[in-house]
Structures are given as C-alpha cells and as structure tokens.
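The values are calculated or read from the model by the stated rules, or taken from the named source; none is laboratory data. On a predicted model such as this, the values are computed, not experimentally measured, just so you know. Cβ placement follows ideal geometry from the backbone for every residue including glycine, while neighbour counts extend to all protein chains displayed.
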Ligand SMILES: [Mg+2]
C-alpha cells in the first residue's frame, strides 16, 4: 500500500503559478487524515509554493527548487544545495544563448530568467506572463525539447560543472545541481521509507521533463492536469481508508 505521496506542483497540483483549488486541498487533506504523508516537489522557491498551496503547507513537506531546498512541515530546513558562482555564471551564459536562439516575442526581458539560489530557471516568455499565453506557447514541449537538443554540447559542458538542465513547469528550462530524483532518493533514505510504499505523481515524467529523474527511484504515476491528479488521489484515499 502507498503511504508516502510525492507531488509535482505546477501542472499536477495546480495550474502554472496558480493557487490550488479547494477540491485539491480537500484531496490532499484526505490523504493526510488517512495517515498518508504528502511531499510537494517543485521547481519553485518556498515562498512561491506557499503562495500557491496556502495553509496546507503546514501539513506537508516541501522539496523546493527541484528538492534542493528541503523543509519539514514544521518549517525546519532539512538541507539546502546552493549553486556556486561558477555554476551560475556558466548557466546564465547558456540561458542567454537559448533566449537568442528561441527568438520569441517577449514583453519583459527581465522576467525570463530567475536565479533562485539553488536553481536557475529560464522561462520562454516570462515567469509572470499571462497564464493562457504560458499554457499555449509550448504545451507539447516542442520548443524546449528543441532547445535542449540544439544546445546539447553546451549542456554537456554544464554537466561537467555539476549542472543539469531539464524541462520544468509550463514554459521553463530548469538548471540545478541535483535533480528531483536525487533529492527524493535522499529524502526517503533519510526518513527510512520503503520506496515501494512511496508514489510520485507528476505531469513531466517523460524523458527531458523535470519529473523524469524520479523514474526508477520510486514508483511514478503520470497525470496531464490537476483534474486528473484529483482522480488519482481519490483512488489512493480509498485504498488508505479501506
Ligand atoms: Mg509540472
């Protein structure tokens, strides 16, 4: 039986940079009230996760910035893996090249790249662009897969510096030292949890997606929307309550 529930946030628990719905909160509460653990694993920083999931943050573990900032439900920082100056500089150079290559109509150039300390995130049209535009620009991930392919050589040079690049969120390419899979593995080892009692639910489990690294670490379940995720959660609540 599954007891420990790991969730991606954007595209899984919520729409991109959007607040969680009451229905989703009720689903997560259902898991917790039936003895399940809920862990939110997102590319976002802690403050953004709190903004999106609200009060329930007090009852869940946060693995922010793809798990490079781990925080318990009581607010204790479990670990934090910040990027070095060299890692940041080289990543920013590549992000600038990608922006030039993608050549998309951009409203606010200052909104494209966020340095989150443990992670650098490049958004194709801006992190704070209107949600509908974000959902429409690269829904099939074709632009971002193209960028990863085109800059394969530069990415392998970043790999030597210990940086990985993956498709994340709705419009992002995330650059981190450790990925979600590395950090989920670390966390379950620390907790002494049996991987078979864990499940990771995400919308980017495909190769190149920022959930893909979790494949092989714990069992995974792919969803394509928060609505689909709610259905999966309800089935797990039934199992826990049986
Ligand atoms: Mg996602």
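At-a-glance table
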| item | result |
| --- | --- |
| Subset of the stretch 7-59 (residues that are within 11 Å of the chain's Cα centre (by Cα) and away from the ligand (no atom under 12 Å from the Cβ)) | 45, 49 |
| Residue tally, condition surrounded by 12 or more Cβ atoms within 10 Å (Cβ to Cβ) and either out of contact with any strand residue (DSSP E or B) (no Cβ under 9 Å at 6 or more places or on another chain) or over 20 Å from residue 176 (Cα atoms) (or both), over the stretch 215-224 | 6 |
| Filtered residue count, the stretch 230-242, keeping only those that are free of Cβ contacts under 8 Å to residues at least 40 places away in the same chain and part of a helix (DSSP H, G or I) | 4 |
| Any hit, the stretch 75-98, residues being more than 25 Å from residue 182 (Cβ to Cβ) and either more than 16 Å from the ligand (Cβ to nearest atom) or buried (at least 21 other Cβ atoms within 10 Å of the Cβ) (or both) | yes |
| The stretch 132-155 residues that are free of Cβ contacts under 8 Å to residues at least 60 places away in the same chain, paired with ones that are surrounded by 11 or more Cβ atoms within 10 Å (Cβ to Cβ) and in a helix (DSSP H, G or I) (beta carbon under 6 Å, 6 or more apart) | 138/144; 147/98 |
| Residue that is modelled with the lowest pLDDT [pool: residues in the stretch 158-214 that are surrounded by fewer than 16 Cβ atoms within 10 Å (Cβ to Cβ) and within 14 Å of the ligand (Cβ to nearest atom)] | 208 |
| Matching residues in the stretch 215-229 - criterion: being in a helix (DSSP H, G or I), under 15 Å from residue 36 (Cβ atoms) and away from the ligand (no atom under 13 Å from the Cβ) | none |
| Members of the stretch 120-147 that are within 11 Å of residue 173 (Cβ to Cβ) and buried (at least 21 other Cβ atoms within 10 Å of the Cβ) | 120, 121, 122, 123, 124, 138, 144, 147 |
| The lone exception for residue 134 - which of (1) in a helix (DSSP H, G or I); (2) on the phi > 0 side of the Ramachandran plot it fails | (2) |
